[in-house]
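In what follows, a single structure is set out as structure tokens and then discussed.
Since every read-out is calculated from the coordinates, none of them should be taken as a lab result. Since this is a predicted model, take the numbers as computed values, not measurements. Neighbour counts are summed over all protein chains in view; Cβ atoms, including those assigned to glycine, are modelled from backbone coordinates with ideal geometry.
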Amino acid sequence: MALLGALSLSEIVTRIAAVLLFASLQGCILAGLARLMGDARPFHEKRLTLNPFVQVSVWGIISATLFALNWVRPIRYEPKDMRLGGFGLLAVLVLGLALMLALVPLSDFLRPLLLMLPRTAGYAALYVLNQFQLITVGSVVLNCLPVPGLVAGALWQLALPEHERRLERLVPIGLGLIFAAIVAGIIPNTASAILPYLRA
């Protein structure tokens with residue numbers, strides 16, 4: 001595979017590590033915000049955890065490894081149980097993505113600490129941090145698309161509250177189209193353009 005061949009082994013390993021970190025944080029933040037808004041469904045479905053293997057999407061790992069664009073396993077919400085109803089769900093999604101974006105400049109404060117590690121471990125940790133920032137910025141932008149399977153795709157639960165099973169069947173179709181659009185270059189990774197502003 002040409003795309004995979006263009007990546008070194010260290011890039012593949014560090015991207016996978018960064019994806020696991022991204023998935024654990026994104027999934028846990030969204031589930032935690034939903035719980036704060038009164039929706040216990042993500043909690044009962046074991047999504048309020050930092051365990052990356054609960055949150056990660058296999059296709060998300062592949063996409064992030066090749067293109068540094070990722071998504072977590074879709075989280076199911078109960079908007080009717082949330083404070084403010086539909087506005088509560090909107091708040092969860094917007095705040096969830098905003099908090100992930102805020103982690104990018106905040107994570108820069110870890111750099112001096114990582115440099116205190118033994119040389120090889122320190123460089124490896126810094127590379128994972130760089131990949132995490134790259135993946136996070138691009139993925140937050142990607143997940144603003146209201147496509148079933150992405151974070152903003154949960155808004156369809158407001159439009160079609162009685163059709164949860166139908167929406168779940170649309171998830172693999174939506175993600176398949178997203179992945180195809182990424183491969184075709186229709187959806188680019190905007191992280192390199194945005195990152196300098198977050199680090200300023």
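Looking across the range 25-39, the residues that are farther than 12 Å from residue 91 by Cα and touching a residue at least 40 places away in the same chain (Cβ under 8 Å) come down to 25, 26, 27, 29, 31, 38, 39. Residues of the range 1-24 that are without any contact (Cβ under 8 Å) to a residue 40 or more places away in the chain and either in a loop (DSSP other than H, G, I, E, B) or of a type in the set (Gly, Ala, Ser) (or both): 1, 2, 5, 6, 8, 24. Applying the criterion of being under 18 Å from residue 142 (Cβ atoms) and of a type in the set (Gly, Ala, Ser) to the residues of the range 85-123, the residue that is surrounded by the fewest Cβ atoms within 10 Å (Cβ to Cβ) is 98. Residue 170 meets the conditions (1) touching a residue at least 12 places away in the same chain (Cβ under 8 Å); (2) surrounded by 15 or more Cβ atoms within 10 Å (Cβ to Cβ); (3) touching a Leu at 6+ places or on another chain (Cβ under 6 Å) in every case but one. The failed one is (3). Residues of the range 176-192 that are assigned to a loop (DSSP other than H, G, I, E, B) and more than 13 Å from residue 142 (Cβ to Cβ): 184, 185. Within 18 Å of residue 92 (Cβ to Cβ) and either buried (at least 20 other Cβ atoms within 10 Å of the Cβ) or not acidic (Asp, Glu) (or both): is that true of residue 158 in this structure? Taking the combined requirement at face value, the residue satisfies it. Of the listed requirements (1) over 23 Å from residue 112 (Cα atoms); (2) touching a residue at least 60 places away in the same chain (Cβ under 8 Å); (3) surrounded by 19 or more Cβ atoms within 10 Å (Cβ to Cβ), residue 147 misses just one: (2).
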